[in-house]
Amino acid sequence: MENKTYVEINAAKQMKALMKQHFMELDEASRTKNKKIAWCSSVGPAELAMSLGFLVYYPENHAAMLGSTRTAMDYIPTANAHGYSPEICSYLTSDIGAYLRHETPLTKAYGIKEIPRPDVLLYNTNQCRDVGDWARFYGREFNVPVLGINTPHTQNDVREPVVSSVAAQLREMVPELEKVAGRHFDIDEFREVLATSRECSDLWEAVLNTGANHPSPLSFFDECIHMGPAVVMRGRKEANDYYRVLLAEMQERVAHGVAAVAGEKYRFYWEGMPVWGKLRSLSELLAGLKSCVVVSTYCNSWIFSKFDPADPFQSMAEAYCSIFIGQDDNWKENYIADKVKHYAIDGILFHDARTCASNSNNRYGMTKRLSERLGIPHLVINGDLNDLRCYSEEQTVTNIEAFVEQIEESHRENIRRH
Ligand code: SF4
C-alpha cells in the first residue's frame, strides 16, 4: 500500500450504482410519465419539489459530466453560435450546446437516449445570474413554467429580512408547484424531506472532516467524485445510507493511517471550481509531489447545517442564503482562515475559472490579503471548469511544481532557524 500513490475507495462501486439509479429513475419518468420531473439549480429549492413528489434533475451535474468526459469543448461552440457568449458560464454553454446537438454523456454511461424532459424548471440566484438564464432557455424549449428565487449577493451577514424574503418566495412557489404536480402540498412531507437532506449534509460534513487527520484519508479529487449523491440525491434516504458507508471507510482509513496521498508532506486548500477535465492529472501531479488537497470551498458547499424541519421554509431560506458564494470577501476570508487552521494548510490553490466569476475569488485582492494574514503562500491556477481552452497543462504543471518547491524551501529554512 505504501508504494502506491493512490488507494481506491471501496465505496466507489456503491456510489456509481446510486448515481445510475438516479438517472435511470429520471429516464423512466421521462419516458413513461410515471412521475413529474423538476430541473433545479444546484442549491435551488430541490427539497420543496421533492416533497411534492417530483424527481429532481440538476443541469449543473449534467454539465459537470460534460466537463469530466472532456466533451464540453465539442458543444460550447454550438451554444456560442446560438448567441451564448464564450465568456459566460461554460456549464451553461456546454449543456445547451449538447442539448442543441441532441447528445448527452448519459448515453455512454447508462444507455439513456436523451436527457429527462422537465415539467417545471426551478432556480435560485444565490449562486449567480446564469442559472436563471439557463433555466429560461429550457423553459422556452420545453414550454414549461420557470420558477425562480432571487437572493441578494455579497452580504456581510445573512440578515433576517433577506432570509424572510427568500422564505416568502419559497412559499409563493407552492401553488405553482401544486398545479404542475397535480397534488396538494403537505408540510409534514416537506419536513421529512428536509430532515433527510439535513442528515445527508451532516454525514457529508463528517466525511469531509476526516480530511483534518494526518495523513488525510481522502483528497479534494476524491471528494469531487463522491459528492455526487449529496448533490443529486440529498433528501433521499439512499444518499444517507451511502454516506454512512463512506464515512465508516474513511474512519477505518484514519484508524489505520491510510493516506489518500502516500507519504503526505504538504496539505493544500483548493479555492474555486474544479477543472473537471483535469481531475485525474491534477490529482496525480500533486500526489507525485507528496501534496494532498485536504479541503476545498467547493465540496463544502453542500453542507446545509441550517436546515431545521421544525421551521422548514425559514430554515431552508437561511441555509440557501448562507452559502459561501453569496457572502462578501470579509466573510469568505474568515471562513477560509478557519479551515486553514483546522486542516493545517501549507498553501492555498486559487482556481481562476475564466467563465465563472462568482466562483473565482482571486480577482479582488483576496489572495494577497489571505497570504499576509495567514503567513502561507498561494498560487493562482488559470483555467476553467469545463472549457479546457482556458487551461494550459504545461503552465499549470510548472507553476504547481515551483509552488511546492517554494514551500519545501521555506520548510527547510524554518528547520535551519529553529
Ligand atoms: S456559479 Fe459559476 S459554474 Fe455555477 S452556474 Fe453560476 S456561473 Fe456557472
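Just so you know, all these numbers are worked out from the coordinates, no wet-lab data involved. Remember, it's a predicted structure, so these values are computed and weren't measured experimentally. Cβ coordinates were reconstructed from backbone atoms using ideal geometry, including for glycine residues, and neighbour counts include every protein chain displayed.
So the values come out like this:
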quantity	calculated
Helices (runs of 4 or more DSSP H) (entirely within the range 1-80) containing at least 1 residues that are within 16 Å of the ligand (Cβ to nearest atom)	46-51, 59-68
Of all residues making up the range 340-351, the number that are crowded, with 18+ Cβ neighbours inside 10 Å and either over 21 Å from residue 289 (Cβ atoms) or more than 16 Å from the ligand (Cβ to nearest atom) (or both)	7
When residues of the range 172-218 are limited to those that are within 30 Å of residue 295 (Cβ to Cβ) and touching a Gly at 6+ places or on another chain (Cβ under 8 Å), the one surrounded by the fewest Cβ atoms within 10 Å (Cβ to Cβ)	215
Any hit, the range 1-9, residues being surrounded by 23 or more Cβ atoms within 10 Å (Cβ to Cβ) and over 16 Å from the mean Cα position of the chain (by Cα)	no
Residue match in the range 96-108 (condition: touching a residue at least 12 places away in the same chain (Cβ under 8 Å) and within 13 Å of the ligand (Cβ to nearest atom))	yes
Within the range 352-375, considering residues that are buried (at least 17 other Cβ atoms within 10 Å of the Cβ) and among the hydrophobic types (A, V, I, L, M, F, W, C), the one farthest from the ligand (Cβ to nearest atom)	374
Failed item in (1) touching a residue at least 24 places away in the same chain (Cβ under 8 Å); (2) outside any loop (DSSP other than H, G, I, E, B), with residue 241 passing the rest	(1)
Members of the range 255-278 that are farther than 25 Å from residue 409 by Cβ and surrounded by fewer than 19 Cβ atoms within 10 Å (Cβ to Cβ)	255, 256, 257, 258
Selection from the range 180-216 of residues that are outside any helix (DSSP H, G or I) and more than 25 Å from the chain's Cα centre (by Cα)	182, 183, 184, 185, 186
Pair list, Cβ < 7 Å and 6+ apart or interchain, from the range 372-401 residues that are among the basic types (Lys, Arg) to residues that are in a helix (DSSP H, G or I)	373/337; 389/73
Yes/no for residue 231 being within 16 Å of the chain's Cα centre (by Cα), surrounded by 18 or more Cβ atoms within 10 Å (Cβ to Cβ) and part of a helix (DSSP H, G or I)	yes
Residue in the range 110-117 that is within 26 Å of residue 276 (Cβ to Cβ) and touching a strand residue (DSSP E or B) at 6+ places or on another chain (Cβ under 6 Å) present	yes
Selection from the range 124-164 of residues that are assigned to a loop (DSSP other than H, G, I, E, B), of a type in the set (A, V, I, L, M, F, W, C) and either within 11 Å of the ligand (Cβ to nearest atom) or in contact with a Leu (Cβ under 9 Å, 6 or more places away or on another chain) (or both)	128, 144
Every residue from the range 380-390 that is buried (at least 20 other Cβ atoms within 10 Å of the Cβ) and under 22 Å from residue 366 (Cα atoms)	381, 383, 384, 385
Criterion: touching a His at 6+ places or on another chain (Cβ under 7 Å) and on the phi > 0 side of the Ramachandran plot - qualifying residue of 263, 272	272
Checking residue 83 against (1) within 11 Å of the ligand (Cβ to nearest atom); (2) outside any helix (DSSP H, G or I); (3) of a type in the set (Gly, Ala, Ser), the condition it does not meet	(1)
Answer residue from the range 109-162, given it is aliphatic (A, V, I, L, M) and over 18 Å from residue 43 (Cβ atoms) and is surrounded by the fewest Cβ atoms within 10 Å (Cβ to Cβ) among those	109
